[in-house]
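What follows is a single structure, written as structure tokens, with notes after it.
None of the figures in this text is laboratory data; all of them are computed from the coordinates on show. If you're wondering where the values come from, they're calculated on a predicted model, not measured in any experiment. Because the Cβ atoms are built from the backbone with ideal geometry, glycine has one as well, and the counts that use them run over all protein chains shown.
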Amino acid sequence: MIGVIVLVLIGLGFGIMTLLSNNAKADSTLLAVRENSLLNVATDAQENITGDDLRVANSNATILLQSDVTGIVSATGIKKLPDGLVKQYVDTNGDDLKQAKLLDKFDSTYTKLMLQKVSELITLAQTTETKTTVKEYKAEVTKSLNNLKSIQKQFQALNP
């Protein structure tokens, strides 16, 4: 009887660990998808940026975001970001940025947008980091969080 109880407890332990691992993988993947969405915005914006300091900050942001996405994808073992999630989190600020460009306000509008999006990602990364118990995922999420804070600091320095 004790042997059966021990086996059941071991099975429950493995089940809980698998569930936590799957949740950590899903949470980490969502962070990568959201960072990838911002990476696409930053990449597209580069040619429209007029200020040298903003151009440098944006270039740095694209490097850090690409590193984050690549690191999380590698740590989670997924082949690529899930198409459904990528489509769900496509950024919809393109029209606002086009309008800002026409009004000669691209740099200020883009800086504000980046600060908003990075702030949202920092919150997501903090939540994911707190919930994640899988060592490999947590390391990548922590790296992403640090990179996002670096991006935020660079863009805050540009915001008057």
Legend entry - Sum of -39500 (n - 2.57) over DSSP H runs of 4+, divided by residues of the chain (222 nm, nearest 500): -29500 deg cm²/dmol
Legend entry - Nearest 10 degrees, 0 to 90: helix 2-45 Cα axis against the chain principal axis: 10 degrees
Legend entry - Where labels lie 7 Å past Cα in the beta-carbon direction, separation of N48 and S119 in nm: 2.1 nm
Inset, instruction - Quote to one decimal, in nm, the extra length available between D83 and S67 on full extension: 0.36 nm per residue of separation minus the C-alpha distance between them. - result: 3.8 nm
Inset, instruction - Give me the net charge of D95's neighbourhood, meaning all other residues with Cβ under 13 Å from the Cβ of D95; Lys, Arg count +1, Asp, Glu -1. - result: -1
Legend entry - Around T123: net Lys/Arg minus Asp/Glu count, Cβ-Cβ under 12 Å: +1
